[in-house]
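This report concerns only the one structure given below.
The values are calculated or read from the model by the stated rules, or taken from the named source; none is laboratory data. A quick note: this is a predicted structure, and the numbers were derived from the prediction, not measured. Here the Cβ positions follow ideal geometry from the backbone for every residue, glycine too, while neighbour counts run over all protein chains shown.
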Amino acid sequence: MAISTNFWIWIAALLTLAIYSFLYKDNPFYKFAEYLLVGISIGYGISIYWHNTIITKVYNPLVYDKNFLVLIPLLLGLLMFSRFFKNVSYLSRIPIAFVVGAGTGLSVPSSFEFLFKQIYATMPLKLDIGSLIIVVGVISTLVYFFFSLEHKGFVGKVSKVGITFIMVAFGAAFGYTIMARVSLFIGRIQFLLSDWLGIIK
Amino acid sequence: MLKGKGIPIFITFLTGMIMIISFFIPHKPFGDIEKISLTWYSIIAGFTMLLGVDSLIGMHFRKLKRKDENWFFSLVLIIGFTATVVVGIIETVRFGTAFDERSYFTYIYNYFIVPLQSTMFSLLAFFIASAAYRAFRARNFDATLLLITAIIVMLGRVPLGEQISPYLPKFTEWIMQVPQMAAKRGIGLGISLGALGVSIRIILGIERSYLS
């Protein structure tokens with residue numbers, strides 16, 4: 001058994017314990033770690049944006065390729081800050097309009113692509129029980145979310161089958177999520193017992 | 001003229017249409033326009049993040065100034081933020097990039113962000129389990145089904161499941177590949193149809209709430 005003498009391992013271990021202290025109750029150690037995580041994460045996010053976008057997509061093309069076109073999105077981005085000045089705040093709508101337009105424009109073909117791919121994947125290529133269950137499951141789930149028809153009679157029965165499939169899917173997703181979290185928990189305990197305390201190898 | 005919503009709606013329509021057209025006609029000039037628009041999009045979208053950061057840091061500065069309850073933790077957040085940015089700048093000067101393996105910026109990621117984030121997520125295992133106990137009690141057929149599926153999937157993914165029955169992992173796989181996939185696909189189709197409808201409404205200027 002050899003406790004780590006690495007300063008950084010100690011930092012990580014103490015922060016891990018500070019977060020787990022929440023299992024007892026909300027306390028200042030947990031709050032400290034929580035606020036620190038938020039502060040560091042946004043600082044890290046800003047640095048990534050600076051490195052991946054401002055340097056790579058604005059500075060480098062502008063300085064090395066003399067591509068002055070990149071000044072336009074830079075100016076549009078700066079217009080976002082017009083929100084802080086009441087008399088010119090309407091200018092912030094221009095970059096927002098561009099972002100929303102590009103985002104929705106991108107989502108139209110990608111939604112179509114997703115739709116066709118999923119419908120194609122649902123079509124049974126061979127007649128087996130699994131393919132049949134998938135077809136029934138997809139159609140009944142869609143019927144469950146179709147609210148233009150009252151869920152009575154045949155539609156009601158199909159939507160009941162749909163909710164059964166949805167419950168199985170939610171149960172599976174829930175079980176899967178718990179296992180993922182438990183695996184993270186095991187990872188943290190391994191870190192504490194192995195990297196920090198050196199109890200296990 | 002700029003004060004009205006006409007120009008922003010036209011910009012949304014134009015950029016939206018360019019993106020759609022360039023998907024179907026990926027040749028000049030649409031292919032190039034799409035590439036440029038995507039670059040512009042990533043640059044401008046980043047500024048929205050800066051607005052969010054400004055709002056968050058501003059709020060914590062105000063809490064600090066007024067000495068509100070928990071002001072000390074606001075100070076921790078601001079110090080954490082400032083220190084990360086400053087270390088990022090210093091290490092960029094030292095190594096040419098802050099993401100160098102030897103830089104303290106990488107240390108911040110490895111020894112602060114990674115343990116804090118993974119511990120925070122692992123904490124949810126306990127709370128999901130306790131919430132599930134309250135929510136999933138087998139009150140009716142649907143809740144029972146959800147409970148049984150969750151238990152099967154959990155057992156089927158650990159060695160204990162194989163000890164109980166060698167068929168359990170296979171059955172878990174079947175649940176994930178067939179009934180789970182069917183419902184997921186149905187939900188996915190519904191979501192993409194909804195996204196398609198909203199996108200078309202926004203591009204055509206019917207939906208304008210994002211401009212208010």
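For A:E150, indicate whether it is surrounded by fewer than 19 Cβ atoms within 10 Å (Cβ to Cβ) and either closer than 30 Å to B:I7 by Cα or facing another protein chain (nearest Cβ under 9 Å) (or both).
Details: surrounded by fewer than 19 Cβ atoms within 10 Å (Cβ to Cβ): yes; either closer than 30 Å to B:I7 by Cα or facing another protein chain (nearest Cβ under 9 Å) (or both): no.
The answer is no for A:E150.
So, in the stretch B:159-184, of the ones that are more than 28 Å from the chain's Cα centre (by Cα) and closer than 14 Å to A:Y176 by Cβ, which residue ends up surrounded by the fewest Cβ atoms within 10 Å (Cβ to Cβ)? If you could, list the steps in order and put the result at the bottom.
Looking only at the stretch B:159-184, we keep the residues that are more than 28 Å from the chain's Cα centre (by Cα), and these are B:159-171, B:174.
Then drop every residue that is not closer than 14 Å to A:Y176 by Cβ, which leaves B:161, B:169.
On the way: B:G161: 20, B:P169: 18.
Step by step, filter the stretch B:159-184, then rank; the result is B:P169.
Just checking, which of A:I119, A:I54, A:I48 is more than 8 Å from every other protein chain (Cβ to nearest Cβ), assigned to a helix (DSSP H, G or I), modelled with pLDDT under 95 and surrounded by fewer than 18 Cβ atoms within 10 Å (Cβ to Cβ)?
The conditions single out A:I48.
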**Message:** With the structure loaded, tell me whether A:E113 is more than 10 Å from chain B (Cβ to nearest Cβ) and modelled with pLDDT of 90 or more or whether it fails that test.
**Reply:** no
**Filtered residues of the stretch B:1-24 (kept if within 24 Å of B:G197 (Cβ to Cβ) and β-branched (V, I, T))** = B:I9, B:I11, B:T12, B:T15, B:I18, B:I20, B:I21
**Request:** Being surrounded by fewer than 18 Cβ atoms within 10 Å (Cβ to Cβ) and at the interface with chain B (Cβ under 7 Å from one of its Cβ atoms) is the filter here, so list the residues in the stretch A:136-147 that pass it.
**Result:** A:F145
**Request:** Starting from the stretch B:9-30, keep only residues that are surrounded by 13 or more Cβ atoms within 10 Å (Cβ to Cβ), then list their pairs with residues that are not in a helix (DSSP H, G or I) whose Cβ atoms are within a distance under 6 Å, requiring at least 6 positions of separation or different chains.
**Result:** B:I9/B:G205
